[in-house]
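Following: one structure in structure tokens, then a few remarks.
Only the coordinates and a few stated rules stand behind these numbers; no lab work does. In this text the structure is predicted, and so the values were computed from the model without any measurement. Cβ placement follows ideal geometry from the backbone for every residue including glycine, while neighbour counts extend to all protein chains displayed.
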Amino acid sequence: LDVDRLDDLVPDLAERRTLACGPAGLLDALAAHHERAGLELVTEQFRTERIEPGDGGTVAFADGTLLELDGATSILDAAEEAGVLMPSGCRMGICMGCVLPMRAGAVRDLRNGQITAVVPGDGAIKVQTCINAAAGACHLDH
Ligand code: FES
């Protein structure tokens, strides 16, 4: 879809509601177009936009696998790249299909930089591996 041709392709666009799903470039172009035109736009992304990388860290799995991960790659993507079979679903923070218990350590939400950490003595907490990167040494029960 060439957004520059949108007004020609949909002459009654101003009378319609626009729902868009696609790659970031298309959604950015549509957002700029609709803002200029004063039109409503509802979007859904293929992948979560990642804006808050951290320093990364190590992730230890229950089987003894130990991975050194950067702070800009989700634990899910990095673990799969290393050959670890990981649960997943939407891969963008919605379905909870990638949730794993974290017994120790901290992770950083790549969407907003928020740190989630296990408080010693409180037991495991559940983390979404598709939107979190390692933030230090963590242990996942998987
Ligand atoms: S895979 Fe859906 S929330 Fe992570």
*How much net charge surrounds Arg17 when only the other residues with a Cβ under 15 Å from the Cβ of Arg17 are counted, with Lys and Arg +1 and Asp and Glu -1?*
-3
_Cα Rg, Dmax (largest Cα-Cα span) when computed across the chain, Å_ = 19.2, 62
*Roughly what % antiparallel, to the nearest 5, for the DSSP beta bridges in the chain?*
65
*Formal net charge of residues neighbouring Pro101 (Cβ-Cβ distance under 15 Å; K, R +1; D, E -1)*: -1
*Give a residue-ordered list of calculated ³J(HN,Hα) values for segment 100-112 (Karplus: 6.51 cos²θ - 1.76 cosθ + 1.60, θ = phi - 60°; whole Hz; x for Gly, Pro).*
10, x, 10, 8, 7, x, 8, 10, 10, 6, 5, 7, 9
*In debye, nearest 20: dipole of segment 3-45 around its Cα centre with unit charges on the Cβ of K, R (+) and D, E (-)?*
60
_In whole Hz and in residue order, list the ³J(HN,Hα) couplings for segment 27-44 that follow from phi through the Karplus curve 6.51 cos²θ - 1.76 cosθ + 1.60, θ = phi - 60°; x for Gly and Pro._
5, 5, 5, 5, 4, 5, 4, 5, 5, 4, 8, x, 9, 6, 9, 10, 10, 9
*Please work out the ratio of the alpha-carbon Rg of segment 57-140 to 2.2 N^0.38 Å and round it to two decimals.*
0.96
*Could you work out the local net charge near Val127, counting Lys and Arg as +1, Asp and Glu as -1, over the other residues with Cβ closer than 13 Å to its Cβ?*
+1
*With the dipole of the chain worked out from charges on the C-beta (+1 for Lys and Arg, -1 for Asp and Glu) around the Cα centre, which of Val107, Ala82, Pro53 lies farthest toward the positive end?*
Val107
